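These notes concern the structure reproduced below.
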Amino acid sequence: MSGDLHMSPDEFRRRGHEMVDWVADYFERIEQLPVISRVEPGEVRAALPAAAPEEPEPFAAVMRDLDEIIMPGITHWQSPHWYAYFPANSSGPSLLGEMAAAGLGVQGMLWATSPAATELETVVVDWMVDLLGLPTAWKTTGPGGGVIQMSASDSTLVALVTAREQAAAPTDTLVVYASDQTHSSLEKGARIAGYGHVRSIATDAEYALDLAALEQTIAQDRDAGLTPAFVAVTVGTTATTAVDSVRRTAGIAAREGMWCHVDAAYAGSAMICPEFRHHQDGLELVDSYTFNPHKWMLTNFDCNLYYVADRRPLLEAMSILPPYLRNEATLSGDVIDYRDWHVPLGRRFRSLKLWFVLRHYGAEGIRRFIREHVRLADELAARLEADDRFELVAPHPFALVVFRHTDGNAATSELAKRLNDSGRAAVTPTTLGDISAIRISIGSTRTTAEHVDQLWSMIDELA
Ligand SMILES: *Cc1c(COP(=O)(O)O)cnc(C)c1O
């Protein structure tokens, strides 16, 4: 084997242009593709060799296998017919920002390892405070601050670890509270952080945290000699987008000396529109907040924002300074080293894609996008409500509609299966207590009124 194996700038340019065409072609035909992959388990793996190549292969061979082996195994999250889970939006500017970040390939763990990676992140997380109407004390100029992490799960873990370090009792006596609708990442984080107890608190008729039940459980735990340490509030639960009361829960947390964490992973994006902010009234009372631009804000995974009201406990919990990371800028205390704001050391230049998105769409463009999906969800909900065959099982404050067939669980599950088998929609079947329901999450980048009309026609036909 001889010669330079690296892709020359010229070859990269050529292949890069081909790849951009490939993605653009994909976007053009995505609507035609069956939304959910139809491969059988093991099919993709069986089509691939058991061993990695010993010798270099032509790039064209890689592209051919991308088309022939990988694509059939793709479920098209970017399809306008995507209504499953929550959206995981991608968009042109986001992708291009991602490409620039990959091209630069910097590790932004310290300010000193690439100053712009840190400073752009600071600017973007501070911009978002104003854009979302979050407490101004959460800006870097205040006592708090924000950071871009990989996922809401990571942020919740970091909140749990920080709260654990603040708590004045042995870890195995510490108790975490959250509603029975809380995302599974809370329980997982509590387990990893070593909390002794996690209480799953009952919810009310609208699937929001039952505060009387919370207070009662706290009192029982106090009587048992345990230490209430952490409560999670969800603004927009995963199953139904139920909204817990931030203000009232934070009040209980303050009285009990607990950390109050808000998980607005999905719904946080809607807060760019002032009319949704009443759903998180009371944020000035909480300790930490997380939301995912990588769900509903046109920024491809991964991009999670984590804010704290006071950055000192976070930094105390997360900072370690080994000799090889010592540098003048860090020691001067004049710069931010974001490695101290999350679990990993290395970090991608994630702010770049969010910055591209904010500048390309402008806040007004993003508002229009969010409002249109909420309007479409309201419209679909009205159609379902007006039809005797269906009933809504929960309120729809954002762009998720959860409904059931009035014939019962079997009919509901059958309808979800028919919709998903059609290739023209992806929806998520779920259960709430003993009720089967279908989640329709409207929020994909390319979903328009026309697509939701088509979805309604299918529901009407297949029910
Ligand atoms: C999606 C979601 C999460 C998990 O988000 P990741 O970024 O994938 O970890 C957490 N909480 C809620 C309410 C969610 O909807």
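Excluding same-chain pairs closer than 8 in sequence, count the lysine pairs in the chain whose Cα atoms lie under 24 Å apart.
Lysine pairs meeting the criterion: 4.
Scan around Q149 for amide H atoms under 5 Å from its own, H built in the peptide plane at 1.01 Å from N, and keep only partners 5 or more places away or cross-chain.
Amide H neighbours of Q149: N304, L305, Y306.
Report the Stokes-Einstein translational diffusion coefficient (µm² s⁻¹, integer) for the range 106-348, Rh taken as the Kirkwood radius over Cα pairs, at 37 °C with viscosity 0.692 mPa s. Mind dumping the intermediate values first?
Details: Rh = 18.2 Å.
Stokes-Einstein gives a translational diffusion coefficient of 181 µm²/s.
Suppose a student asked you for the relative contact order of the chain, using Cα pairs under 8 Å spaced at least 6 residues apart; what percent would you report?
21
Okay, helix-only estimate at 222 nm for the chain: each DSSP H run of n ≥ 4 adds -39500 (n - 2.57), divide by all residues, round to 500 deg cm²/dmol; what do you get?
-13000 deg cm²/dmol
Just rank W456, W138, W341, fewest to most, by other beta-carbon atoms within 10 angstrom. Please report the intermediate quantities before stating the final value.
Working: W456 16, W138 27, W341 23.
The most exposed by this proxy come first: W456, W341, W138.
Please arrange K295, K353 by how many other C-beta atoms lie within 10 Å of their C-beta, fewest to most. Present the calculation step by step, with values, prior to reporting the outcome.
Values: K295 25, K353 30.
Fewest-to-most Cβ neighbours within 10 Å comes out as K295, K353.
Between the range 382-444 and the range 192-266, how many Å separate their Cα centres?
One Cα centre to the other: 28 Å.
For the range 296-303, just list the computed ³J(HN,Hα) in residue order, Karplus coefficients 6.51, -1.76 and 1.60, θ = phi - 60°, integers in Hz, with x standing in for Gly and Pro.
10, 10, 6, 10, 5, 3, 10, 7
Determine the relative contact order of the range 106-348: mean sequence separation of Cα pairs under 8 Å and six or more apart, normalised by residue count, in whole percent.
So the answer I get is 26 percent.
Given points 7 Å out from each Cα along the Cα-Cβ axis, report the R446 to A363 separation in nanometres with one decimal.
3.1
Hey, what did the range 357-462 get for relative contact order, percent, Cα under 8 Å, at least 6 apart?
RCO, the range 357-462: 24 percent.
Quick check on the exposure proxy: order T156, T171, T330 from fewest to most C-beta atoms within 10 angstrom. Kindly include the intermediate steps, with their values, before the conclusion.
Working: T156 30, T171 14, T330 18.
With the sparsest Cβ surroundings first, the list reads T171, T330, T156.
Just to check I understand the Karplus step: with θ = phi - 60° and J = 6.51 cos²θ - 1.76 cosθ + 1.60, what whole-Hz values come out for the range 335-351, glycine and proline as x?
In residue order, the calculated couplings are 10, 9, 10, 5, 4, 7, 10, 7, 6, x, 8, x, 8, 6, 8, 6, 5 Hz.
Each residue of the range 195-204 in order: what ³J(HN,Hα) in whole Hz does its phi give by Karplus 6.51 cos²θ - 1.76 cosθ + 1.60, θ = phi - 60°, with x for Gly and Pro?
4, x, 9, 10, 9, 9, 8, 4, 10, 7
Search the structure for amide H atoms under 5 Å from the amide H of V175, placed 1.01 Å from N in the peptide plane, and list their residues when 5 or more places away or on another chain.
T227, A229, F230
Taken together, the values in this text are just the output of simple stated rules run on the coordinates, not laboratory data. These figures come from a predicted structure and were not determined experimentally. Note that we place each Cβ from the backbone using ideal geometry, even for glycine, and neighbour counts take in every protein chain shown.
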